[in-house]
1. Of the heavy-atom accessible surface of the chain (probe 1.4 angstrom), what whole percent is carbon and sulfur?
2. If I ignore ligands, DNA and RNA and count only protein heavy atoms, how much of Cys20 is accessible to a 1.4 Å probe, in Å² to the nearest 10?
3. What is the extension gain from Val72 to Phe38, computed as 0.36 nm multiplied by their sequence separation minus the C-alpha to C-alpha distance, in nm to one decimal?
4. Could you tell me whether the chain comes out rounded, prolate or oblate from its Cα gyration tensor? Rule is a ≥ b ≥ c as square roots of the eigenvalues, rounded for a/c under 1.5, then prolate if a/b exceeds b/c, otherwise oblate.
5. Just reorder Phe66, Phe7 by solvent-accessible area, largest first, 1.4 Å probe, all chains present.
6. Loop by DSSP (not H, G, I, E, B), at most 11 other beta-carbon atoms within 10 Å: where is the longest site-free stretch of the chain for GluC sites (Glu not before Pro)?
7. With axes computed from alpha carbons, what is the tilt in degrees of helix 2-17 against the longest principal axis of the chain, rounded to the nearest 10 within 0 to 90?
8. If the only charges are +1 at each Lys and Arg Cβ and -1 at each Asp and Glu Cβ, what is the size of the charge dipole of the chain around the Cα centre, to the nearest 20 debye?
Amino acid sequence: FSEYHIFSYCTEINSGRIGCFWPNPVVEHFIIHIHKRFFSNCTLERAIHEDPPDDTLALLILVPVFLTLAMVVLVVWCSKRSDILA
């Protein structure tokens, strides 16, 4: 992160020195060219995304559903109780 920030700051300052506005399509093309040339082999291993196991997936679906239903029941119960108490 730090190297990229320094590089970006440097291109911003130097484009200002030569009278270019920032961001500039020419500067962006230069940055993309640098990335393609020097950083093309950074990630040789591709991330493989898989679905979670069925038990985990069911849990991730059912917990929010039950929490939503519990909140609805709680709101309805509290609203009816406030009518009784008032």
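The values are calculated or read from the model by the stated rules, or taken from the named source; none is laboratory data. Everything numeric in this text was worked out from a predicted model, so none of it was measured. Here the Cβ is made from the backbone with ideal geometry for all residues, glycine too, and neighbour counts use every protein chain on show. Ligands, DNA and RNA are stripped out before the accessible areas are found, and what is left, the full protein with its side chains, is counted by its heavy atoms. Shrake-Rupley method; radii C 1.70, N 1.55, O 1.52, S 1.80 Å.
1. Here carbon and sulfur together make up 67 percent of the probe-accessible area.
2. Answer for Cys20: close to 50 Å² accessible.
3. The span from Val72 to Phe38 would gain 6.7 nm if fully extended.
4. Here the chain falls in the oblate category.
5. In descending accessible area the options line up as Phe66, Phe7.
6. Result for the longest clean stretch: 1-44.
7. So the helix axis and the longest Cα principal axis differ by about 50 degrees.
8. 360 debye
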